[in-house]
Amino acid sequence: MAEFDYDVIVIGAGPGGYVAAIRAAQLGLKTACVESRETLGGTCLNVGCIPSKALLHASEMFDEASNGALAKFGVKVGSVELDLDAMHAEKAKAVKELTGGIAFLFKKNKVEWLKGHASFNGATSIDVAGKSYAAKNIVVATGSSVTSLPGVEIDNEVVIDSTGALALPKVPEHLVVIGGGVIGLELGSVWKRLGARVTVVEYLDEILPGMDGEVRKEARKIFKKQGFEFRTSTKVTKVERTGAGASVTVEPAAGGAAEAIEADVVLVSIGRRPNTQGLALEKAGLQVTNRGQIDVDNRFATKVPGIWAIGDVTPGPMLAHKAEDEGIAVAENIAGQTGIVNHEVIPSVVYTHPEIAGVGRTEDELKAEGIAVKVGKFPFMANSRAKTNRDMDGFVKVVADARTDRVLGVHIVGSLAGTMIAQAAQAMEFGATSEDIAYTCHAHPTHSEALKEAAMAVTGLPIHI
Ligand code: FAD
Ligand code: NAI
C-alpha cells in the first residue's frame, strides 16, 4: 500500500460515484471521492432528478388547486395565487437536505471528499487542486452535461438548458421547447401547469423516442389534451435573441418552407453528452468511443487495468438508478466480489401527469428482431381505483414471448406508472411469465390490478374488460 494513497479513488460524486465510494468503503477499502461542485450528489441531486421532481410536485398541486380539479371533488379553494419564490425555496430545501445527506454518509463511512477537478497524470494517479493522489483503482463517474444545438448559445436567461428551466424567476408567456424527450416534457409540464403556453418542437415524427410506440402516441394525445402544442417532424435551424425574447426558426425535417415561432423563453433539451473533457484520459492511456463515452466490459473495467467507469459517462441509458447500481457493482468487483447489473431490466420513468414508464423491450423492437410476442393491454378506464380517483388516462401493456410466455417488456401510461413499474421490473428480474403475474394476488382497489389484468389479457382472459 506504501506507494498508493488510496485503494480506490472515485472521480465524480453523482449517483454513480457517491454510491461506488460508499460501497467500496463498506467493503473495507480506503476510499476517496473527488467532486468539483460545492455540494455532493452530482447532476441528479443538484440540478436533475431532485429539483425537477420538486417542481413537478409543487406545480401539480398548483394546477389541481387552480384548474378546478379539487373543486370537482367538493374541495373549494378561494382564489389561487402562485408564489414562485416560495416554490423555488421549497425545492432548494429538498436539494440541500439530500446533498447534505450524502456529506453525512461520506463521514459515516469514512469516504474522504477531495474537493476540486480531477485529471489523470498517469494510469494510477490524478491531480486535484494542485496535489497528486495515487490509487490502486480509479473509477471514472464524471456523468454528463447538456448538449447544445450547433450555433445556438445557451445564456440561461432567454435560451435555457434544464438547469435554467429549474430556476426561471417568472412564468414565461410562451415557452418553446426544442426536443420532445424526457426533459422537454417534464420541465415543459412544470411551466405549462404554472401558466405558460408551451410548444414542443421535435425532430422525429413522435415524442419520447425509445419508448413503446403505443405509449408514445397515447402520451402525445394526453399532453395535447392538456394544452401542449406539438410540432413533430420539425427541425430548428436558428434561434435568435429578439429584445426580451427569441425567435425560433423551424422547417419541416424533410425540408420545406421555414417559419418563425416567437418565444419569451426557449428550452434546449436535445440530449446530454458524457463528461470526459479536462480529464486528460490520454495520460492514463484511455480513449473515448465515437460517441464520446468510456467503454467498459460487464465488470465496468476499462481497457486500462485498475481504471473503471460507470454511469452517464459509459454507454446505456443516462439514468440515476442505472448509475447507482453500477456504482455498487463496480465497488464489489474491485473488492474481488462479483458485481452484476442486468442491463436488460432497467426501468425508465417520465414524471409527467400521467407518468410514463417502461422496462425491458418494446413490442416494435422485438418484432423487428423476428421474435414472436403475445401482448396484453388493460386501460385504466376499467380499473376501479383509477375510476374512483377520476384519473383514467392511460393503460398497461405486457409483452411476453409467444413461445415461453416469459415477460419481455412492460409499458405503462398512468398516474402511478413510476411506482407500478418496480413490480414489473422485479417480476422480470425473477424471470416471470405473464401467467405468474396474472396469478399473483393484487390488493383491491389499486392501480396495480391493471398490471395483473394486462397480464391476464396476454392469454385473452382479462376479467374487467
Ligand atoms: P452525475 O450525476 O452527472 O455526476 C457526475 C459528477 O461528477 C458531477 O457532480 C460533476 O461535477 C463531477 N465531475 C465531473 N468531472 C469531474 C472531474 N474531472 N473532477 C471532479 N468532479 C467531476 N435520472 C433519473 O433516473 N431519474 C430522474 O428523474 C432524472 N431526472 C433528471 C432531470 C434532469 C433535469 C436532468 C438533467 C437529469 C435527470 N436524470 C434523471 C438523469 C440523472 O441525473 C443522471 O443519469 C445521473 O445523475 C447520472 O449519474 P452519474 O453519477 O453518472 O453522473
Ligand atoms: P432525450 O434524449 O430524452 O430527448 C431529446 C429529444 O430531442 C429527442 O426526442 C430527440 O429526437 C430530440 N431532438 C434531438 N435533436 C433535435 C433537434 N435538433 N431539433 C428538435 N428535436 C431534437 O434528452 P433530454 O430530454 O435532453 O434528456 C437527457 C437525458 O436526461 C435523457 O437521456 C434522460 O435519460 C435523462 N433524464 C431522465 C429523466 C427521468 O428519468 N425522468 C428526466 C430528465 C432527464
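The values are calculated or read from the model by the stated rules, or taken from the named source; none is laboratory data. From a predicted model like this one, the values you see are computed outputs, not experimental measurements. Positions of Cβ are backbone-derived with ideal geometry, glycine not excepted, and every protein chain shown enters the neighbour counts. All accessible areas refer to the heavy atoms of the entire protein, side chains included, with ligands and DNA or RNA removed. Shrake-Rupley method; radii C 1.70, N 1.55, O 1.52, S 1.80 Å.
On the given criteria, is Glu206 more than 16 Å from ligand 1 (Cβ to nearest atom), touching a strand residue (DSSP E or B) at 6+ places or on another chain (Cβ under 7 Å) and of a type in the set (Asp, Glu)?
no
In the list Val19, Val10, which residue meets the criterion of being within 11 Å of ligand 1 (Cβ to nearest atom), at pLDDT 95 or above, at negative phi and not in a helix (DSSP H, G or I)?
Val10
Where the second residue is within 15 Å of ligand 2 (Cβ to nearest atom) and charged (D, E, K, R) and the first is open to solvent by 30 Å² or more (accessible area, probe 1.4 Å) and in a strand (DSSP E or B) and lies in the stretch 132-149, which pairs have Cβ atoms under 7 Å and are six or more apart or on separate chains?
As it stands, the answer is Ser145/Arg272; Ser145/Arg273; Val146/Asp161; Val146/Arg272, since those pairs meet every condition given.
Count, please, the residues in the stretch 201-233 that happen to be aliphatic (A, V, I, L, M), open to solvent by 20 Å² or more (accessible area, probe 1.4 Å) and under 21 Å from Pro347 (Cβ atoms).
Matching residues across the stretch 201-233 total 1.
Looking at the stretch 25-32, can you tell me whether even one residue there is more than 16 Å from ligand 1 (Cβ to nearest atom), aliphatic (A, V, I, L, M) and crowded, with 18+ Cβ neighbours inside 10 Å?
yes
Yes or no: the stretch 284-301 includes at least one residue that is closer than 30 Å to Ala417 by Cα, within 16 Å of ligand 2 (Cβ to nearest atom) and open to solvent by less than 30 Å² (accessible area, probe 1.4 Å).
no
Among the residues that make up the stretch 34-52, is at least one of them more than 10 Å from ligand 1 (Cβ to nearest atom), assigned by TED's automatic domain parsing to the domain that holds Ser132 and modelled with pLDDT of 95 or more?
no
Val349 passes all but one of (1) open to solvent by 70 Å² or more (accessible area, probe 1.4 Å); (2) outside any helix (DSSP H, G or I); which number fails?
For Val349, the exception is condition (1).
Results for (1) modelled with pLDDT of 95 or more; (2) in contact with an Asp or Glu (Cβ under 7 Å, 6 or more places away or on another chain); (3) of a type in the set (S, T, N, Q), shown as yes or no for each residue.
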{"site": "Val268", "(1), (2), (3)": "yes, yes, no"}
{"site": "Gly271", "(1), (2), (3)": "yes, no, no"}
{"site": "Gln287", "(1), (2), (3)": "yes, no, yes"}
{"site": "Ala323", "(1), (2), (3)": "yes, yes, no"}
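Is it the case that some residue within the stretch 5-16 is open to solvent by 20 Å² or more (accessible area, probe 1.4 Å) and within 18 Å of Gly143 (Cβ to Cβ)?
Scanning the stretch 5-16, I find no residue that is open to solvent by 20 Å² or more (accessible area, probe 1.4 Å) and within 18 Å of Gly143 (Cβ to Cβ), so the answer is no.
Identify, from the list Glu60, Glu64, the residue that is in a helix (DSSP H, G or I), open to solvent by 20 Å² or more (accessible area, probe 1.4 Å) and away from ligand 2 (no atom under 16 Å from the Cβ).
Of the residues listed, the single one that is in a helix (DSSP H, G or I), open to solvent by 20 Å² or more (accessible area, probe 1.4 Å) and away from ligand 2 (no atom under 16 Å from the Cβ) is Glu64.
Restricting the stretch 218-238 to residues that are more than 23 Å from Ala254 (Cβ to Cβ) and part of a helix (DSSP H, G or I), which is farthest from ligand 2 (Cβ to nearest atom)?
That would be Lys225.
Please list, ordered by first then second residue, the pairs with beta carbon atoms under 7 Å, 6 or more apart or interchain, first in the stretch 72-88 and in contact (Cβ under 8 Å) with a residue 24 or more places away in the chain and assigned by TED's automatic domain parsing to the domain that holds Gly195, second acidic (Asp, Glu) and surrounded by 10 or more Cβ atoms within 10 Å (Cβ to Cβ).
From the stretch 72-88, no pairs qualify.
Can you pull out every residue in the stretch 180-200 that is outside any helix (DSSP H, G or I) and surrounded by fewer than 24 Cβ atoms within 10 Å (Cβ to Cβ)?
Within the stretch 180-200, Gly181, Leu194, Gly195, Ala196, Arg197, Thr199 qualify.
Which residues, taken from the stretch 254-283, are within 16 Å of ligand 2 (Cβ to nearest atom), in a loop (DSSP other than H, G, I, E, B) and more than 19 Å from Leu204 (Cα to Cα)?
Hit for the stretch 254-283 is Asn275, nothing else.
Which of the residues belonging to the stretch 318-343 are of a type in the set (A, V, I, L, M, F, W, C) and closer than 24 Å to Gly358 by Cα?
Answer for the stretch 318-343, where residues must be of a type in the set (A, V, I, L, M, F, W, C) and closer than 24 Å to Gly358 by Cα: Met318, Leu319, Ala320, Ala323, Ile328, Ala329, Ile340, Val341.
Of the numbered conditions (1) surrounded by 24 or more Cβ atoms within 10 Å (Cβ to Cβ); (2) within 16 Å of ligand 2 (Cβ to nearest atom), Asn46 satisfies every one except a single condition; which is it?
Of everything listed in (1) surrounded by 24 or more Cβ atoms within 10 Å (Cβ to Cβ); (2) within 16 Å of ligand 2 (Cβ to nearest atom), Asn46 misses just condition (1).
Go through (1) in a loop (DSSP other than H, G, I, E, B); (2) buried (at least 17 other Cβ atoms within 10 Å of the Cβ); (3) among the small types (Gly, Ala, Ser) and name the single condition Ala246 misses.
Every listed condition holds for Ala246 apart from (1).
Sort out which residues of the stretch 439-465 are crowded, with 19+ Cβ neighbours inside 10 Å, out of contact with any Asp or Glu (no Cβ under 8 Å at 6 or more places or on another chain) and more than 14 Å from Ala386 (Cα to Cα), and write them in order of number.
Hits for the stretch 439-465 are Lys452, Ala454, Met456, Ala457.
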